[in-house]
Amino acid sequence: MKLSFRWYGADDPVTLEKIRQIPNMRSIVTAVYDVPVGEVWSYESIQRLKEQVEAAGLVFDVVESVPVHEDIKLGKPSRDKYIRHYQENIRRLGKAGVKCICYNFMPVFDWTRTQLDQRLSDGSTALVYYREQLEKMDPLSGELSLPGWDSSYQKDELRALLEEYRSISHEDLWENLRYFLEAVIPVAEEAGVNMAIHPDDPPWDIFGLPRIITNKQNLDRFLKLVDSPANGLTFCTGSLGCSAQNDIYEMIEEYSRMGRIHFMHVRNVKRLPDGSFEESAHFSSCGSLDIPRIMEILHRNGFSGYLRPDHGRMIWGETGRPGYGLYDRALGAAYLNGIWETLEKYGGEEA
Ligand SMILES: [Mn+2]
């Protein structure tokens, strides 16, 4: 297990100097943020990131994300140009020492919540998804903007994009994903990079848009689209764990044994009876997931990929990017470290 932490670049209030003080911290998960989606990342930008990360004594080997242009997901003729750009990004990142690229294939909207600062009973604030609130949300009203979303769309552009997706079925999206993978996986293999798709968050259709990276049946199908170790997963427990139908332990067991999990996002989530959920502290009893059980499965199967705490609450008066403060994610990292060290020392049979 290689412990890692997400960093949003030089203007992230959570600095590399702070991140390096978390015990056992190894890798920085970051991206080039000043290039529009679909364009090629300059060697200079990649090199600058690498130098900043290495100057702090950390390793630059995981990128989250290289976003996939909507024309690729829509299967438009212009996708070939954007796929060539994507291939070039994989080659350039591989050359810079990157071993793992996280991406997702969610139409238009990345991870979605209905509120970014819901106050929990302990006084902290967390990201939540309340079904009732979602049903009232209109993405065109522009009321909510999440850190994961591309906020550069103008309202008419967004309307036109949503219109284009009306004719895209789940099967069309699968077909467009297959086309993309067949083009990029061979390049990743050659560059020594593992591609790691992030599951859809939450793992169900949203605003009438199809979502397919949602459950075991679909992850099985995904891994077979291109049956190469370089075609793997970012297994996000908080995303797949929002759905009570997902047996995430069974999934982690199987996919880690196959060697197809390259990146773990480990966080807890509290499922509510009506299908809503709240992001909770990492500690198991704060939410619905059994975190030591997740770590035990990974340990027993010899997991050697990257792992990071995921979204945290805002605690101790911290302000900043919702879900991406320092304190609660650092508590998460310390908790995961503790579980892992216990497994390493007293965890039974050697792998
Ligand atoms: Mn995640």
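Observations
- Annotation note: Cβ proximity below 8 Å between a residue of the stretch 301-319 that is free of Cβ contacts under 8 Å to residues at least 40 places away in the same chain and a residue that is away from the ligand (no atom under 16 Å from the Cβ) (sequence gap 6+ or interchain) occurs for 316/327; 318/326; 318/327.
- Qualifying residue in the stretch 116-137 (condition: in contact with a helix residue (DSSP H, G or I) (Cβ under 8 Å, 6 or more places away or on another chain) and part of a helix (DSSP H, G or I)): no
- Residue within the stretch 8-15 that is under 25 Å from residue 139 (Cα atoms), part of a loop (DSSP other than H, G, I, E, B) and over 19 Å from the mean Cα position of the chain (by Cα) present: no
- Considering residues of the stretch 301-326 that are away from the ligand (no atom under 16 Å from the Cβ) and closer than 16 Å to residue 8 by Cβ only, the residue surrounded by the fewest Cβ atoms within 10 Å (Cβ to Cβ): 319
- Listed by first and then second residue, the pairs linking a residue in the stretch 240-252 that is in contact (Cβ under 8 Å) with a residue 40 or more places away in the chain to a residue that is assigned to a loop (DSSP other than H, G, I, E, B) and among the β-branched types (Val, Ile, Thr), with Cβ atoms under 8 Å apart and 6 or more places separating them unless they lie on different chains, are 240/214; 243/214.
- Filtered residue count, the stretch 231-272, keeping only those that are part of a loop (DSSP other than H, G, I, E, B), farther than 14 Å from residue 303 by Cα and either over 12 Å from the mean Cα position of the chain (by Cα) or more than 13 Å from the ligand (Cβ to nearest atom) (or both): 9
- Complete set of residues in the stretch 177-190 that are crowded, with 21+ Cβ neighbours inside 10 Å and in contact with a Leu (Cβ under 8 Å, 6 or more places away or on another chain): 177
- Per this entry, residue 183 is not counted among residues that are in contact with a strand residue (DSSP E or B) (Cβ under 8 Å, 6 or more places away or on another chain) and either under 22 Å from residue 1 (Cβ atoms) or in contact (Cβ under 8 Å) with a residue 24 or more places away in the chain (or both).
- Within the stretch 273-312, considering residues that are among the hydrophobic types (A, V, I, L, M, F, W, C) and in a strand (DSSP E or B), the one modelled with the lowest pLDDT: 277
- Any hit, the stretch 64-71, residues being assigned to a helix (DSSP H, G or I) and of a type in the set (S, T, N, Q): no
- Selected residue (criterion: farthest from the chain's Cα centre (by Cα)) from residues of the stretch 157-183 that are farther than 22 Å from residue 239 by Cβ and of a type in the set (A, V, I, L, M, F, W, C): 160
- Residue within the stretch 88-97 that is touching a strand residue (DSSP E or B) at 6+ places or on another chain (Cβ under 8 Å) and modelled with pLDDT under 95 present: no
- The set of residues in the stretch 302-336 that are hydroxyl-bearing (Ser, Thr, Tyr) and over 15 Å from the mean Cα position of the chain (by Cα) comprises 304, 319, 327, 335.
- Counted residues, the stretch 161-203 - those being within 16 Å of the ligand (Cβ to nearest atom) and either at pLDDT below 95 or in contact with a Cys (Cβ under 7 Å, 6 or more places away or on another chain) (or both): 6
- Against the test of being in contact with a helix residue (DSSP H, G or I) (Cβ under 8 Å, 6 or more places away or on another chain), more than 16 Å from the ligand (Cβ to nearest atom) and farther than 24 Å from residue 306 by Cβ, the options 209, 225 yield a single qualifying residue, 209.
- Only listed residue being within 14 Å of the chain's Cα centre (by Cα), over 27 Å from residue 326 (Cβ atoms) and in contact (Cβ under 8 Å) with a residue 40 or more places away in the chain, chosen from 203, 210: 203
- Selection from the stretch 189-230 of residues that are assigned to a helix (DSSP H, G or I) and among the charged types (D, E, K, R): 189, 190, 216, 220, 221, 224
The values are calculated or read from the model by the stated rules, or taken from the named source; none is laboratory data. Just so it is clear, the model here is predicted, and its values are computed rather than measured. When we count neighbours, we look across all protein chains shown, and the Cβ atoms used for this are built from the backbone with ideal geometry, even at glycine.
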